[in-house]
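Colleague: Once you've had a glance at the structure underneath, I'll fire off some questions.
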Amino acid sequence: MKGPLPLIVVAPFGNSLFEYSCLSGNFYGNYRDGSQTRSIMITDEFCVDSWASSASASLSASFAPVIQGFQQLVWVEEEAVDSSLKSSTAEDEFEQFLERLSSPAVIPIESYLDSEQHIMVNTEQGSTYELFYRTPTAALLSVSSHVALHLDTILPRYWKSTPLPSSPVEFIPVPPSAVEPIKSVLSTLAFSPTVASLVNNISIPQMKNDIRFLTGEDGQSGIVSRHSFVEGSRVAAAWLLARFVETGATCQLKPFLQGFAPNVVCRYDSVVNTTGTVIISGHYDSRGSFGSTRAPGGDDDGSGTTAVLSIARTIARTGVKFHQNVELVAFAGEEQGLYGSRAYARELRQLNANVTLMVQADMLAYRKPGEPMQLGLPDRIGTPEVAQLVANISALYSPELEVGFTPACCSDHQSFHDQGFPSTQVFERAGPIADPMYHNSGDLSDREGYDFDQLKAIAKVQFGTILHFAGFEVSK
Ligand SMILES: *[C@@H]1O[C@H](CO)[C@@H](O)[C@H](O)[C@H]1NC(C)=O
Ligand SMILES: *[C@@H]1O[C@H](CO)[C@@H](O)[C@H](O)[C@H]1NC(C)=O
Ligand SMILES: *[C@@H]1O[C@H](CO)[C@@H](O)[C@H](O)[C@H]1NC(C)=O
Ligand SMILES: *[C@@H]1O[C@H](CO)[C@@H](O)[C@H](O)[C@H]1NC(C)=O
Ligand SMILES: [Zn+2]
């Protein structure tokens, strides 16, 4: 007798999904499709039959039979970009991507250089795919695991990919007990002259130097690209580690997957006895233009990385100490689908770590000419109370920022959100992505729209969030 037919279920996210054990036990994560959040379950027709007979939610789900199994499942989605950047051929570009995927020379080999600058990609591998779900703004594909790692180089510019986990994952909502301390800080939040003087100490000239090293614009670092698989990302990692260590942090390079540059995890131990840990992060890896080896990532996410480093440098200059542990983290593997942060967030969950707050900075510096300085907070993935705290701290210390929500979504904070840690993201615009150099080899810091005043204003908000939430003392 044949067993039940396996099915991939893509359903609108909702807590009711988790009331069915054959769904919740086969959950593969939440993903974005335009303005919707979709949950993926890989189950079978028996489960779906019983769910469908009792839940109206099943009416808006889609079901794909798995006839021949699958390789690596990958979610690809169109990102939220400003209409000024949208090309009229956006739909064709996705079709071209699928064509590229099925042609033998699937990976543009000139994009991949190993540590000796040798081409390291085998183009013979994996040139088939299967499509399990498709809307104008998202798709679920099966590709070889090799191709999955390199999709970022052949995806259309405003599309991104996220690999699905290889086995079901637990849905871990942020528990109310983890939100209480945030509400409590919010309820007593008031301007502090000491915090103001600490956050104002962030240095723009220093940030200008730091970003020019990371992009290679200084002509000294030799960095051409910080793509996770190339030498430049390892140069950046070693340099970041050395700079953080200079500020008194204890740092580790944490590898997470063969071939990828490591995460850089730096820590300032609390001066009071607590396990509580606040994480402020960016991703130092980058993505360039299709077919080009250059990926300076000045805004994405050299800006977030530089903001995190500017906080470290300010900690050193001011001698501030914290009442919770503070980790400053530069992730890698973000552009291939949050690989670095997923590994770290999972590790912290397994260790039962007491991560009390996490704020990811991704793209802080671009300001569209004519627009005011802005701070965007994610409109869905993240903990609303954390976003509220960040917004209120912005009003206190960077009142020049216009704060609002952005549909630009799902940087490394999603990895922490998925593990039930309170988190949010800070972004450069209260609206969709408007940077014309986004995912482009021209993403340098010395160009129109790259605004160091906005970068500093947002870095102040990140630092102010640590100071207010963790608590601090200044002895110097
Ligand atoms: C930061 O503080 C240090 C120590 O008080 C001071 O020497 C330095 O000039 C300040 N820098 C800025 C940019 O405010
Ligand atoms: C820190 O607190 C823990 C738990 O309250 C306690 O077991 C430990 O002894 C304390 N350590 C120090 C150095 O006070
Ligand atoms: C986590 O850290 C916070 C902040 O220091 C502390 O209040 C809380 O008790 C800690 N939680 C656990 C489970 O140790
Ligand atoms: C936080 O900001 C909101 C919206 O601007 C405001 O209503 C609220 O009073 C602020 N809370 C504090 C503690 O400042
Ligand atoms: Zn980014």
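The values are calculated or read from the model by the stated rules, or taken from the named source; none is laboratory data. Treat the numbers as computed from the prediction; the structure is a model and nothing was measured. Backbone-built Cβ (ideal geometry, glycine too); neighbour counts: all protein chains shown. Calculation scope for accessible area: heavy atoms of the full protein, side chains included, ligands and nucleic acids excluded. Shrake-Rupley method; radii C 1.70, N 1.55, O 1.52, S 1.80 Å.
Colleague: Which condition number does Q336 fail, the rest of (1) more than 16 Å from ligand 1 (Cβ to nearest atom); (2) modelled with pLDDT of 95 or more; (3) open to solvent by less than 10 Å² (accessible area, probe 1.4 Å) being met?
Modeller: Q336 satisfies all of (1) more than 16 Å from ligand 1 (Cβ to nearest atom); (2) modelled with pLDDT of 95 or more; (3) open to solvent by less than 10 Å² (accessible area, probe 1.4 Å) except (2).
Colleague: Among the residues in region 153-174, are any surrounded by fewer than 20 Cβ atoms within 10 Å (Cβ to Cβ), away from ligand 5 (no atom under 16 Å from the Cβ), among the hydroxyl-bearing types (S, T, Y) and part of a helix (DSSP H, G or I)?
Modeller: The answer is no; no qualifying residue exists.
Colleague: A further question follows. Might you let me know whether region 388-395 holds any residue that is within 16 Å of ligand 3 (Cβ to nearest atom) and either open to solvent by less than 20 Å² (accessible area, probe 1.4 Å) or touching a Cys at 6+ places or on another chain (Cβ under 9 Å) (or both)?
Modeller: yes
Colleague: From the list R349, R367, exactly one residue is open to solvent by 60 Å² or more (accessible area, probe 1.4 Å), away from ligand 3 (no atom under 16 Å from the Cβ), at negative phi and touching a residue at least 24 places away in the same chain (Cβ under 8 Å). Which is it?
Modeller: R367
Colleague: Looking at region 437-456, is at least one residue within 16 Å of ligand 5 (Cβ to nearest atom), part of a helix (DSSP H, G or I) and not charged (D, E, K, R)?
Modeller: Yes, some residue in region 437-456 is within 16 Å of ligand 5 (Cβ to nearest atom), part of a helix (DSSP H, G or I) and not charged (D, E, K, R).
Colleague: Output yes when any residue across region 46-61 is assigned to a strand (DSSP E or B) and in contact (Cβ under 8 Å) with a residue 40 or more places away in the chain, and no when none is.
Modeller: no
Colleague: Same structure, new question: Mind listing whichever residues of region 11-55 are aliphatic (A, V, I, L, M) and either farther than 21 Å from V74 by Cα or open to solvent by 20 Å² or more (accessible area, probe 1.4 Å) (or both)?
Modeller: If the condition is that a residue be aliphatic (A, V, I, L, M) and either farther than 21 Å from V74 by Cα or open to solvent by 20 Å² or more (accessible area, probe 1.4 Å) (or both), then L17, I42, V48, A52, A55 are the ones that fit.
Colleague: Any residue at all in region 189-212 that is within 16 Å of ligand 5 (Cβ to nearest atom) and closer than 27 Å to A470 by Cβ?
Modeller: yes
Colleague: May I pose another question? Suppose we filter E448, E473, E428 for residues that are in contact with a Leu (Cβ under 6 Å, 6 or more places away or on another chain) and not aromatic (F, W, Y); which single one remains?
Modeller: When all the criteria are applied, what remains is E428.
Colleague: Tell me, which residue of region 227-247 that is touching a strand residue (DSSP E or B) at 6+ places or on another chain (Cβ under 6 Å) and of a type outside the set (A, V, I, L, M, F, W, C) is nearest to A332 (Cα to Cα)?
Modeller: Ranking the qualifying residues of region 227-247, first place goes to H227.
Colleague: Does A430 qualify as being more than 25 Å from L155 (Cβ to Cβ), assigned by TED's automatic domain parsing to the domain that holds P296, in a loop (DSSP other than H, G, I, E, B) and within 16 Å of ligand 4 (Cβ to nearest atom)?
Modeller: yes
Colleague: Consider A242 against the criteria (1) away from ligand 3 (no atom under 16 Å from the Cβ); (2) part of a loop (DSSP other than H, G, I, E, B); (3) free of Cβ contacts under 8 Å to residues at least 12 places away in the same chain: it satisfies all of them except one. Which criterion is unmet?
Modeller: (2)
Colleague: Read through the list (1) open to solvent by less than 10 Å² (accessible area, probe 1.4 Å); (2) within 16 Å of ligand 1 (Cβ to nearest atom); (3) small (G, A, S), then give the number of the only condition that A316 fails.
Modeller: (1)
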